[in-house]
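Inspection log for the structure reproduced underneath, given as structure tokens.
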Amino acid sequence: MTDKNKGSGWLRYAPLIAIALVAAVGAFTLRDYLGFDALRDNREALIAFRDQHYLATVICFLAAYIAIVAFSLPGATVATLTGGFLFGTVIGAAFNVTAATIGATLIFLAARMGLGEALRARMDASEGLVARIRKGLDENQWSMLFLIRLVPAVPFFVANLIPAFLAVPIHRFVISTFIGIMPGAVVYTSVGAGLGAVFERGETPDLGIIFEPHILLPILGLCALSLLPVGIRLATGRKDVMK
């Protein structure tokens, strides 16, 4: 391998390395600035700035949210709450889902560029159990993508990396991310929209609300619905369901 090829080979890892470095630094330096306390202490300034500079607030909010997701920085949940606090449930949820999808796509592309192709090649060349797992994932990509987005227990950054390592087409990743994160985003955005009253009472928001039965059960229902094509395929032997 020539020096030029070696250089280009290392270059593909640059985005992933940059994300890892920023995430490591941010975990130690930004936690106090991207937490709930920071939102509570600066709520009046944020509202005043939004009222005077609405468009600038939208642009700054989207840019900050995208950066938080793309670099796996702490504060994604607080960012979602802030979207609801500043813009209300409907508009805030739209901004939150859009920014989260863009940020997730950036880290997906970085991971696929750095490691996805090599891992995919190894899986394609493998046999036995690994080959069967790869085949099952390939045949049920839509269902699996929606499932990992809908299940609250799956960390968001994990759901960004797994599809990259399995060479999922970018359009499937974007669509499943945008739609799959909507239920959770709406729940937390609605919590953020009610933060004004929470702040006035001197309380903290209940972030465990997503595990309440009246919210969790519908989400689990969506999870079951996402697996329906898999069940149909197993029952009928058809492989063209949801292709």
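No value in this document is a laboratory result; all are computed from the given coordinates. In this text the structure is predicted, and so the values were computed from the model without any measurement. Using ideal geometry, Cβ is built from the backbone for each residue, glycine included, and neighbour counts are taken over all protein chains shown.
Ranked from highest to lowest mean number of other Cβ atoms within 10 Å per residue, what is the order of the peptides 150-162, 68-80, 85-97?
Working: 150-162: 16.5, 68-80: 22.5, 85-97: 20.8.
Put in order of decreasing packing, that is 68-80, 85-97, 150-162.
If each residue of separation counts as 0.36 nm, what is the full-extension length gain between ALA18 and VAL154 once their alpha-carbon separation is subtracted? List each step's numbers first, then the result.
Values: separation 136, 0.36 × 136 = 48.96 nm, distance 2.38 nm.
Net length gain for the segment: 46.6 nm.
If we count every other residue with Cβ under 13 angstrom of GLU44's Cβ, Lys/Arg +1 and Asp/Glu -1, where does the sum land?
Numbers: positive: ARG40, ARG43, ARG50; negative: ASP41, ASP51, GLU200.
My count for the surroundings of GLU44 gives 0.
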